Amino acid sequence: MQHDLPALASDVETIAELRELYRAAEARAARLRLLSTSGRELVEAKSGQLETALNECATRLALFLGSRSGRIVRQEAGNGFRISAPAKEHLVLGAVLVEGFDTLDDIADQEDRDACRMLLDMMGNAIDRVERETKMARLLAALREREHRLEHLVGRIFSAQEEERRRVAYELHDGVAQTATALVRMLEGAGDASANGIARGQRGELTHIARGLVRELRAVISGLRPTILDDLGFVAALNALADGMEQDGYTVERRIDADASRLPAHVETALYRVAQEAISNIRKHAGGACRVSISANVASGIARPSIRIEDRGCGPKNCQDGSPMTEEGYHVGIEGMKERMSTIGGTLDWSVAETGGVIVEAKLPRGL
């Protein structure tokens, strides 16, 4: 009996130590579950889910501390566990109210207090993250709205511009051009010098000037609003631009993939103005008649219709790919083409060709 007692006492101490170790392991596992589960929910929480995730964390914390209830308040409270902003302890974002606990000092176990602090830090990080994401989303939404309004305004400006061009073109056609034409016919049909007091040589010179005036007026009218664009569409108007270049000595290579279908009127107008500006730049900056390539892919069913105009001239002086244009007016023309394409959801790119000329390529949005 005397020999059994020391052995029994030793066994009792061993069992007590094992129980203590078991309780400690259980406590560490509970802390780990509290932090890992809550941390995952807080990281995944979005704006509309944050309050639910925060209250679930508060309830889970209360159960961990052996309390019956826990909840979160989103303002500074007299009691409770404070939630501070990251790296700003003075900025209180809210508090966790747990029944039976006023402050963290009421938690007896130091490791439990540390786990609670870690959870409060995670809650503060989640609140700060969601608030910043919400603010950023609002700013992006406001920016998109402003961009949409700007595109709409620019589109209306271009539409009004085209309407004004059409009106002026019709007035010139029906007014000044008709008067100039009548003047030509009168000069051509006039009698001899004694009939009108104008020498024959002078009458011939005046007739030549009047004919030049009619040609210039027709060119101005065509530039303002070509009737061929309204009547026959973009492809016919593009061919008319190419014909005009050939008449002026340019060698034009055409690759036009099109059919009988037509694009919406505002799209055809934008493409025509891009082609018109590109060809105008060639006339101004290519250094004289040269080889020009005009490509258009606007047939129905094309995923992304486009046009491409390239010249083999010398190009703008000192112009390098991607650098600001140095010749007056050129940069403005490029930006104007880009604005026109952006109003219909398309893009415009320009680059300097290896031959020294300029490449202008406009692409319409997919699924137009």
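The values are calculated or read from the model by the stated rules, or taken from the named source; none is laboratory data. Remember, predicted model here, so these are calculated numbers, not experimental data. All Cβ positions, even for glycine, are placed from backbone atoms using ideal geometry, and neighbour counts span all protein chains on display. Side chains are part of the model used for accessible areas, which takes the heavy atoms of the whole protein and leaves out ligands, DNA and RNA. Shrake-Rupley method; radii C 1.70, N 1.55, O 1.52, S 1.80 Å.
Spot the failing condition for residue 39; the list is (1) in contact with a helix residue (DSSP H, G or I) (Cβ under 6 Å, 6 or more places away or on another chain); (2) open to solvent by 50 Å² or more (accessible area, probe 1.4 Å), and only one is missed.
For residue 39, the exception is condition (2).
Quick one: in segment 276-299, which of the residues that are under 21 Å from residue 220 (Cα atoms) and among the charged types (D, E, K, R) is surrounded by the fewest Cβ atoms within 10 Å (Cβ to Cβ)?
Filtering segment 276-299 for residues under 21 Å from residue 220 (Cα atoms) gives 276-285.
Okay, now just the ones that are also among the charged types (D, E, K, R), so 277, 283-284.
Working: 277: 19, 283: 15, 284: 13.
Step by step, filter segment 276-299, then rank; the result is 284.
Can you tell me which residues in segment 342-368 are in a loop (DSSP other than H, G, I, E, B) and within 15 Å of residue 294 (Cα to Cα)?
Keep residues of segment 342-368 that are in a loop (DSSP other than H, G, I, E, B), which gives 344-346, 353-357, 364-368.
Of everything in segment 342-368, those that are in a loop (DSSP other than H, G, I, E, B) and within 15 Å of residue 294 (Cα to Cα) turn out to be 353, 357.
Consider residue 341 carefully, then state whether it is modelled with pLDDT under 80, more than 16 Å from residue 237 (Cβ to Cβ), open to solvent by less than 50 Å² (accessible area, probe 1.4 Å) and hydrophobic (A, V, I, L, M, F, W, C).
No, not satisfied.
Quick one: residue 324 ticks every box in (1) at pLDDT below 85; (2) assigned to a loop (DSSP other than H, G, I, E, B); (3) surrounded by 15 or more Cβ atoms within 10 Å (Cβ to Cβ) bar one, so which box is it?
The number of the failed condition is (3).
Which residue, of 198, 209, is modelled with pLDDT under 65 and over 30 Å from residue 305 (Cα atoms)?
Working: 209 fails: modelled with pLDDT under 65.
So the residue among 198, 209 that is modelled with pLDDT under 65 and over 30 Å from residue 305 (Cα atoms) is 198.
Looking at segment 85-121, which of its residues are open to solvent by less than 50 Å² (accessible area, probe 1.4 Å), free of Cβ contacts under 8 Å to residues at least 60 places away in the same chain and within 48 Å of the chain's Cα centre (by Cα)?
85, 86, 92, 93, 94, 95, 96, 97, 116, 120 - these are the residues of segment 85-121 that are open to solvent by less than 50 Å² (accessible area, probe 1.4 Å), free of Cβ contacts under 8 Å to residues at least 60 places away in the same chain and within 48 Å of the chain's Cα centre (by Cα).
So residue 263 fits all but one of (1) in contact with a strand residue (DSSP E or B) (Cβ under 7 Å, 6 or more places away or on another chain); (2) open to solvent by 20 Å² or more (accessible area, probe 1.4 Å); what number is the exception?
Unmet condition: (1).
Within the set of pairs 6 or more residues apart or between chains, which connect a residue that is under 9 Å from residue 310 (Cα atoms) inside segment 341-363 to a residue that is basic (Lys, Arg) and assigned to a loop (DSSP other than H, G, I, E, B) with Cβ atoms less than 8 Å apart?
From residues that are under 9 Å from residue 310 (Cα atoms), the pairs are 353/312; 357/312.
Looking at 68, 82, which is the one that is open to solvent by 70 Å² or more (accessible area, probe 1.4 Å) and at pLDDT 85 or above?
On the way: 68 fails: at pLDDT 85 or above.
The unique qualifying residue is 82.
Within segment 25-77, track down each residue that is under 39 Å from the mean Cα position of the chain (by Cα) and either among the aliphatic types (A, V, I, L, M) or at positive phi (or both).
42, 43, 45, 50, 53, 54
Kindly indicate which of 249, 233, 244, 189 is of a type outside the set (A, V, I, L, M), at pLDDT below 85 and open to solvent by less than 70 Å² (accessible area, probe 1.4 Å). Steps first, please.
Numbers: 249 fails: at pLDDT below 85; 233 fails: at pLDDT below 85; 244 fails: at pLDDT below 85.
Step by step, each of 249, 233, 244, 189 is checked, and only 189 is of a type outside the set (A, V, I, L, M), at pLDDT below 85 and open to solvent by less than 70 Å² (accessible area, probe 1.4 Å).
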